[in-house]
Every structure is written in structure tokens, then in C-alpha cells.
Amino acid sequence: MRAVNQFLRISWSDRWLLAEAITFLSLVRLASKLVPFKRLAPFLGEPASTPDIEINQSTEAFVKSIAWAIRIMAKYLPWTPSCLEKSMAAKRILQRRRIPSTLYLGVAKNNQNVLDAHAWLQCGPFIVTGETNHQHYINLISFTDHYD
């Protein structure tokens, strides 16, 4: 009941963003289960080695709202979205608004000396999803959007 009361207190734009976040988290989950990654990769942007994306303050505020929406809605799903699913969902929300971002896929050795994979999404200087320990991962590939 507390969650419902909190939901009713937020603005309509935030409600819409939460609905968009849960929609894309669900769609990305479905796509990742049904479609091979090599077929999904073209929707992530162009492979890039050194993305150079700058954003203004109002865009940064919106990007932070997307990070908030993804983080909140991920808690209410019947599964735990992976870092890749969160990054892909947030990227799709940004793409719909033609806001460039870069999705990184990286690896690192964990405590058991086994390779561990991680995905994170960056927009300008801000890490949208996957911020925790992302600096410990070696970037294998990144996908960047370019809008003119």
C-alpha cells in the first residue's frame, strides 16, 4: 500500500517514465530470451572505441530520472533484471528521445579467478545503469548512438 501512495504522490511525467521503464525492462527481458545477442546488437548503436558524448544540464537531469526509474521498477519485477537488461532498457528510453549514450560490455576476474561479465550505460559523464564497480571491468566493446 505504501508503494501505491508514493506512486500517487509523484508527477505524471515521473509516472509515465516509470511505466516506460517497466515496459522496456520487460521487452528487453523477452527479447534477450528469444533473440540471439548478435541480432540485438545493431539496436544498441554503432560499435565505438572512444565515444565522445556531451550533454547539457537539463538532459543530465532527465538522464538521472531514467536511472531512478530503471532502479525503482527493477525492484517490482518478478525476476531480477541483469545489468545488461537494465542498460539496454535505459538505452532504448534514451534512443526514443534521440539522446546519445554508450553501452559498455566488459569483463573482469572475480574472487574465484573466474571471468565475470558486466554491462553499464553512460550518457555524458553520468553512469545511468551498472555504476557499481564498473571501473574494475575491462571494456570489450561499446555501442554508441550518433544523432545529427
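The values are calculated or read from the model by the stated rules, or taken from the named source; none is laboratory data. The structure displayed is predicted, hence computed values, not measured ones. Because the Cβ atoms are built from the backbone with ideal geometry, glycine has one as well, and the counts that use them run over all protein chains shown. Keep in mind that these areas ignore ligands, DNA and RNA; they rest on the heavy atoms of the full protein, side chains included. Shrake-Rupley method; radii C 1.70, N 1.55, O 1.52, S 1.80 Å.
Here's the yes/no breakdown for (1) among the aliphatic types (A, V, I, L, M); (2) farther than 25 Å from residue 62 by Cβ; (3) modelled with pLDDT of 90 or more; (4) touching an Asp or Glu at 6+ places or on another chain (Cβ under 6 Å):
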site: 104; (1), (2), (3), (4): no, no, yes, no
site: 108; (1), (2), (3), (4): yes, yes, yes, yes
site: 118; (1), (2), (3), (4): no, no, yes, no
site: 121; (1), (2), (3), (4): yes, no, yes, no
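Note on the stretch 69-99: residues that are more than 17 Å from residue 143 (Cβ to Cβ), open to solvent by 10 Å² or more (accessible area, probe 1.4 Å) and assigned to a helix (DSSP H, G or I) total 4. With respect to residue 66, is the statement that it is within 14 Å of residue 24 (Cβ to Cβ), assigned to a helix (DSSP H, G or I) and at pLDDT below 95 true? Answer is no for this residue. Checked against (1) touching a His at 6+ places or on another chain (Cβ under 9 Å); (2) free of Cβ contacts under 8 Å to residues at least 40 places away in the same chain, residue 45 meets all criteria but (2).
Filter the stretch 110-126 down to the residues that are assigned to a strand (DSSP E or B) and in contact with a strand residue (DSSP E or B) (Cβ under 6 Å, 6 or more places away or on another chain), then identify the one that is nearest to residue 84 (Cα to Cα).
Within the stretch 110-126, the subset assigned to a strand (DSSP E or B) is 115-123, 126.
Checking the rest, the ones that are also in contact with a strand residue (DSSP E or B) (Cβ under 6 Å, 6 or more places away or on another chain) come to 115-122.
Values: 115: 16, 116: 13, 117: 9, 118: 7, 119: 5, 120: 7, 121: 9, 122: 13 Å.
The residue in question is 119.
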